[in-house]
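See below for the structure under consideration.
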């Protein structure tokens, strides 16, 4: 999976957590930026990332890619889907600007959702994907819509109506 052209902002060098990384962990961190999809997710297969990040200079004797994963824990959020390991860049939206995000290329972390939005800049419509934690979703407008309706005789609220349903009538 080839990522888009990415840039590394100078502010990355000011981040204390990134500054504490070993040279090899920093190399893997930057290679991961290029490999990540538009939502900051990438395959975290040890063999794949070793080949991509250290093809020209092997890891020192005794150091493994798993050691580097341990060092990156906190900057990357590791997760597994159907037996495959993935990583999500924490702070991706802070450090990367993706104007026309495409569909996620790898599964999202648990608790995340992706939705397609259609934007119109006056000249053309575009489909843009947005991913975020499920708890960041805007609240449902349904309770507000229901409270704005005048009360109907015999109906208390949607919640109480559902609770008072007789299963035989459904």
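Quick notes
- Label-to-label distance, nm, for residues given as residue 134 and residue 81 (7 Å Cα→Cβ offset): 1.4
- 15, 37, 99 arranged by Cβ crowding within 10 Å, fewest neighbours leading: 99, 15, 37
- Residues of segment 40-69 with amide N under 12 Å of the 7 Å Cα→Cβ point at residue 30: none
- Virtual spin-label span in nm between residue 13 and residue 105, 7 Å along Cα→Cβ: 2.8
- Using the alpha carbons alone, the radius of gyration of segment 10-99 stands to its Kirkwood radius in an Rg to Rh ratio of 0.95.
- Packing order of peptides 57-67, 24-34, highest average first: 24-34, 57-67 (average count of other Cβ atoms within 10 Å over each peptide's residues).
- For 8, 98, order by how many other beta-carbon atoms lie within 10 Å, fewest first: 8, 98
- Potential lengthening of the chain between residue 22 and residue 93 amounts to 23.2 nm, from the contour at 0.36 nm per residue minus the alpha-carbon distance.
Every number here is computed from the coordinates shown, using simple stated rules; none is lab data. This structure is a prediction, so every number in the text was calculated from the model and none was measured. Cβ: placed from backbone, ideal geometry, glycine included. Neighbour counts: every protein chain shown.
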